[in-house]
1. Residue-wise, which Karplus ³J(HN,Hα) couplings in Hz belong to the stretch 118-132, taking 6.51 cos²θ - 1.76 cosθ + 1.60, θ = phi - 60°, and x for glycine or proline?
2. Using the Karplus equation 6.51 cos²θ - 1.76 cosθ + 1.60 (θ = phi - 60°), what ³J(HN,Hα) coupling, rounded to whole Hz, does each residue of the stretch 81-90 give in order, writing x for Gly and Pro?
3. With a point put 7 Å past each Cα toward its Cβ, work out how far ASP123 is from MET13 in nm, to one decimal.
4. Could you state how much accessible area LYS22 has, in square angstrom rounded to the nearest 10, with a 1.4 Å probe and all protein chains kept in place?
5. Find how much the distance from SER25 to THR75 grows on full extension, using 0.36 nm per residue of separation minus their present alpha carbon separation; answer in nm with one decimal.
6. Amide H neighbours of LEU2 under 5 Å, at least 5 residues apart or on other chains, H built in the peptide plane: list them.
7. Note the full-extension length gain between GLU94 and THR141 as 0.36 nm times their separation in residues minus their Cα-Cα distance, in nm to one decimal.
8. Could you go through the stretch 59-67 in sequence order and give the Karplus-derived ³J(HN,Hα) for each residue, using 6.51 cos²θ - 1.76 cosθ + 1.60 with θ = phi - 60°, rounded to whole Hz, and x for Gly and Pro?
Amino acid sequence: SLQCTALHLALLMKASECLVDKLISCFPAALTSRVQMAAHDSFDATLWFKGSTAEAGLLLGMLPLHVLARNGDSTHIMRALLSLDSSGCAVADECGHVPLHLAAVNERAPNEFVDLLLHAHPDGVRCLTYRGLTPLMLLVTVGESNVYYGADGFRHANGDEDWIEDALSMLVSK
């Protein structure tokens with residue numbers, strides 16, 4: 001079973017920005033709390049997840065920033081989390097994912113998520129998961145159905161410019 005904070009749950013359930021703001025102001029320590037295995041007598045957060053126990057296990061080691069990058073779509077909340085503590089951008093979960101990896105494969109994430117995460121942690125483009133994948137590799141392999149290359153460069157299927165070119169530029173320039 002898993003143990004997490006109310007902030008983790010609010011982000012997983014896509015709670016309103018107002019509720020998330022209140023949770024952050026009331027429980028600022030939640031920003032640095034990780035999802036972990038719970039003791040037998042603890043509340044079992046696995047019950048809150050719509051997926052299987054195995055899917056819930058993928059959340060191990062995640063900070064609220066990871067959960068938002070993986071499941072969220074609120075730029076307001078992303079800005080709020082980063083303004084309070086951007087150090088989570090460099091923290092890897094149990095699978096070696098930094099938030100940039102998770103935002104890269106989140107189909108609902110606005111492109112600004114990636115921009116904000118890159119600004120807060122530019123070296124995130126070179127971070128490797130435990131399988132040896134960068135955020136760009138994840139985007140191309142997992143999210144390939146959402147990305148195509150047109151006359152004017154890489155684009156998202158929704159028509160927005162994608163962040164691949166910026167990521168590639170950052171890799172080449174360093």
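The values are calculated or read from the model by the stated rules, or taken from the named source; none is laboratory data. Values in this document were obtained by computation on a predicted structure and should not be read as measured data. All Cβ positions, even for glycine, are placed from backbone atoms using ideal geometry, and neighbour counts span all protein chains on display. Note: accessible area is taken over every heavy atom of the protein model, side chains too, but ligands, DNA and RNA are not part of it. Shrake-Rupley method; radii C 1.70, N 1.55, O 1.52, S 1.80 Å.
1. Working through the residues one at a time gives 5, 5, 6, 8, x, 5, x, 5, 9, 5, 10, 6, 5, 8, x Hz.
2. 4, 5, 5, 7, 6, 8, 4, x, 5, 9
3. Going by the 7 Å Cα→Cβ label model, 3.8 nm.
4. 120 Å²
5. Full extension from SER25 to THR75 adds 16.2 nm.
6. Distant-sequence amide H within range of LEU2: ALA38, ALA45, THR46.
7. 14.9 nm
8. Result, rounded to whole Hz: 7, 4, x, 7, 7, x, 4, 4, 4.
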